[in-house]
Amino acid sequence: MSSSIFETLADQLARLPGIGRKTALRLAFGLVDDKELARDLSEALRRTWESVGECGICRNLTENPVCDICSDGSRTGGICVVQNPADLRSIEEAGLFRGRYFVLHGQLAPLDGIGPAELGVDKLRTMVEESDCEEVILALDSTADGDATSAFLARLLEGMDVSVSRLARGLPPGASVEFADTLTLTQAFEGRQKV
């Protein structure tokens, strides 16, 4: 098929995270073959685009001015800073944290034009100042950009009456020391615990 409209559809699908060209083509063929699915997906995309925005407090995705988590009065304790709403969802589904969140929607990347303003750090400071928060947990990816963003946020929160922590890193359960890379082993040794 060489339709420019079809190619445009495949190109747009390939822009989605984790979708390569072949997968985008399979999805495009699926949508062309199933008109009802294409119509339903189109309607869901339109409604999402019109209705979903950022929470005015934590920047989570919501259909309301304030998200359900920020509206929940039973949420106490700390603030967990995450890179994106998908990270928030993973932590929520694990049921390990009952505080509030702050979503950065990215990491510091000055060469890409992503600085503190784009990450909403002023809103984070305000959220910490206006809450009874005792701890800020930095739950960012263990990458160079994630480490740089965590270090920046830790410095930003210095002097505030709040402790700042980061998720533990190192060997995951079931991992073999023999096959671990140097960075993972270094983090495992630095984060070792008394038995």
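The values are calculated or read from the model by the stated rules, or taken from the named source; none is laboratory data. On a predicted model such as this, the values are computed, not experimentally measured, just so you know. Please note: Cβ atoms are built from the backbone with ideal geometry, for glycine as well, and neighbour counts cover all protein chains shown.
Here are some notes:
- Residues in the stretch 1-20 that are assigned to a helix (DSSP H, G or I), over 23 Å from residue 86 (Cα atoms) and of a type outside the set (S, T, N, Q): 5, 6, 7, 9, 10, 11.
Listed here are the residues, each with its yes/no results for (1) over 30 Å from residue 119 (Cα atoms); (2) not small (Gly, Ala, Ser).
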position	(1), (2)
19	no, yes
30	yes, no
35	yes, yes
47	no, yes
58	no, yes
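- Tallying residues that are at pLDDT 95 or above and among the β-branched types (Val, Ile, Thr) within the stretch 105-120 yields 0.
- Hey, residue 161 surrounded by fewer than 14 Cβ atoms within 10 Å (Cβ to Cβ), under 25 Å from residue 72 (Cα atoms) and out of contact with any strand residue (DSSP E or B) (no Cβ under 8 Å at 6 or more places or on another chain) or not: yes
- Exactly one residue out of 89, 100 is within 22 Å of residue 143 (Cβ to Cβ) and in the same structural domain as residue 160 (by TED's automatic domain parsing): that is 89.
- Matching entry among 121, 128 (being within 16 Å of the chain's Cα centre (by Cα) and closer than 20 Å to residue 155 by Cβ): 121
- Only one of the listed residues (157, 171) is in contact with a helix residue (DSSP H, G or I) (Cβ under 7 Å, 6 or more places away or on another chain) and at pLDDT below 90. That residue is 171.
- Annotation: residue 51 fulfils all but one of (1) exposed (fewer than 11 other Cβ atoms within 10 Å of the Cβ); (2) closer than 21 Å to residue 150 by Cα; (3) of a type in the set (Gly, Ala, Ser); (4) touching an Asp or Glu at 6+ places or on another chain (Cβ under 9 Å); the unmet one is (2).
- Failed condition for residue 100, given (1) of a type in the set (D, E, K, R); (2) modelled with pLDDT under 95; (3) closer than 25 Å to residue 165 by Cβ: (2)
- Residue list for the stretch 98-124, filter: surrounded by 15 or more Cβ atoms within 10 Å (Cβ to Cβ) and either farther than 16 Å from residue 84 by Cα or among the basic types (Lys, Arg) (or both): 99, 100, 123
- The stretch 69-96, subset farther than 20 Å from residue 125 by Cα and in contact with a strand residue (DSSP E or B) (Cβ under 7 Å, 6 or more places away or on another chain), residue surrounded by the fewest Cβ atoms within 10 Å (Cβ to Cβ): 91
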